[in-house]
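I have placed the structure first, in the form of structure tokens, so that the comments after it can refer back to it.
The values are calculated or read from the model by the stated rules, or taken from the named source; none is laboratory data. As the structure is a prediction and not an experimental result, all values here were calculated from the model. Cβ sites come from the backbone with ideal geometry, for glycine too, and all protein chains shown count toward neighbours. In case anyone asks, the SASA skips ligands and DNA or RNA and just uses the protein heavy atoms, side chains included. Shrake-Rupley method; radii C 1.70, N 1.55, O 1.52, S 1.80 Å.
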Amino acid sequence: MSKSQPNDILLLKLKNDVQFTKWIIPICLPLDSSVGGMDFTKLSLEVAGFGKTENSTASDVKQRLDLDGIDNSQCERHYQPKNVNITSKQICAGGEEGRDSCNGDSGGPLMRYGNFPNSKYPYYLLVGIVSFGPKKCGTKDAPGVYTRVSEYIDWINSNID
């Protein structure tokens, strides 16, 4: 497996329907091409998950964190010495001391909340999926890497019922 983890995405088919509640709701996919190609550099993004916390223990309560998007070339400078290539199919975010997704968050959402083209109301958009990050989560100048969902819309559509 490549250290760069290209194509780090998975679809699950559930046996039963999901019962939506106040806490369980669907998220929008980036179907509009103008949204899919967005540059998230310096934009506020939100990550959520049950991964390790600042005291290195897994959380039994879902955590959320606001992170800023990072330019992929800046991200590449951190990972290239480790033989990891960052591609346009990825988004980088974070790189602040003590603020990061971590082990156990993989597969979780990287979201952007706002008004997007062709919408009257703000909504959450799934822009990325937690893929990998620095060995020590929350390391300064070591952003997390996320799979860019918009790059997989055709694949998602061709693999769902």
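One line per residue, one yes/no per condition, for (1) among the hydroxyl-bearing types (Ser, Thr, Tyr); (2) at negative phi; (3) in contact with a helix residue (DSSP H, G or I) (Cβ under 9 Å, 6 or more places away or on another chain):
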site	(1), (2), (3)
Ser2	yes, yes, no
Ile27	no, yes, no
Ala48	no, yes, no
Val84	no, yes, yes
Ser88	yes, yes, yes
Gly95	no, no, yes
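It is to be established whether one or more residues within the range 117-132 are touching a Cys at 6+ places or on another chain (Cβ under 8 Å), under 19 Å from Ile27 (Cα atoms) and of a type in the set (A, V, I, L, M).
yes
Using the structure shown, decide if Asp17 is closer than 21 Å to Asn118 by Cβ and without any contact (Cβ under 8 Å) to a residue 60 or more places away in the chain.
Values: closer than 21 Å to Asn118 by Cβ: no; without any contact (Cβ under 8 Å) to a residue 60 or more places away in the chain: yes.
For Asp17, the condition - closer than 21 Å to Asn118 by Cβ and without any contact (Cβ under 8 Å) to a residue 60 or more places away in the chain - is not met.
Tell me which residues, restricted to the range 111-135, are modelled with pLDDT of 90 or more and either within 18 Å of Ser4 (Cα to Cα) or acidic (Asp, Glu) (or both).
Gly128, Ile129, Val130, Ser131, Phe132, Gly133, Pro134
Gly104 - would you say it is touching a residue at least 12 places away in the same chain (Cβ under 8 Å), in contact with a helix residue (DSSP H, G or I) (Cβ under 9 Å, 6 or more places away or on another chain) and on the phi > 0 side of the Ramachandran plot? Break it down into steps so the answer makes sense when it comes.
Details: touching a residue at least 12 places away in the same chain (Cβ under 8 Å): yes; in contact with a helix residue (DSSP H, G or I) (Cβ under 9 Å, 6 or more places away or on another chain): no; on the phi > 0 side of the Ramachandran plot: yes.
For Gly104, the condition - touching a residue at least 12 places away in the same chain (Cβ under 8 Å), in contact with a helix residue (DSSP H, G or I) (Cβ under 9 Å, 6 or more places away or on another chain) and on the phi > 0 side of the Ramachandran plot - is not met.
Please go through the range 58-67 and pick out each residue that is open to solvent by 70 Å² or more (accessible area, probe 1.4 Å), of a type outside the set (A, V, I, L, M, F, W, C) and not in a strand (DSSP E or B).
Asp60, Lys62, listed by residue number.
Kindly provide the set of residues from the range 26-55 that are in a loop (DSSP other than H, G, I, E, B) and either among the hydroxyl-bearing types (Ser, Thr, Tyr) or surrounded by 17 or more Cβ atoms within 10 Å (Cβ to Cβ) (or both), ordered by number. Steps first, answer last, please.
Within the range 26-55, the first condition is being in a loop (DSSP other than H, G, I, E, B), and the residues that meet it are 26-27, 29-32, 37-40, 42-43, 50-51, 53-55.
Listed by number, the residues that qualify are Leu29, Pro30, Asp32, Met38, Phe40, Gly51, Thr53.
Quick check on this structure: which one of Ile91, Ile86, Ile70 is crowded, with 20+ Cβ neighbours inside 10 Å, in contact (Cβ under 8 Å) with a residue 12 or more places away in the chain and touching an Asp or Glu at 6+ places or on another chain (Cβ under 8 Å)? Give the steps one after another, and end with the answer.
Values: Ile91 fails: touching an Asp or Glu at 6+ places or on another chain (Cβ under 8 Å); Ile70 fails: touching an Asp or Glu at 6+ places or on another chain (Cβ under 8 Å).
Answer to the selection: Ile86.
Could you pull out the residue among Glu97, Glu46 that is more than 22 Å from Asn157 (Cα to Cα) and over 17 Å from the mean Cα position of the chain (by Cα)?
Only one candidate passes the filter, namely Glu97.
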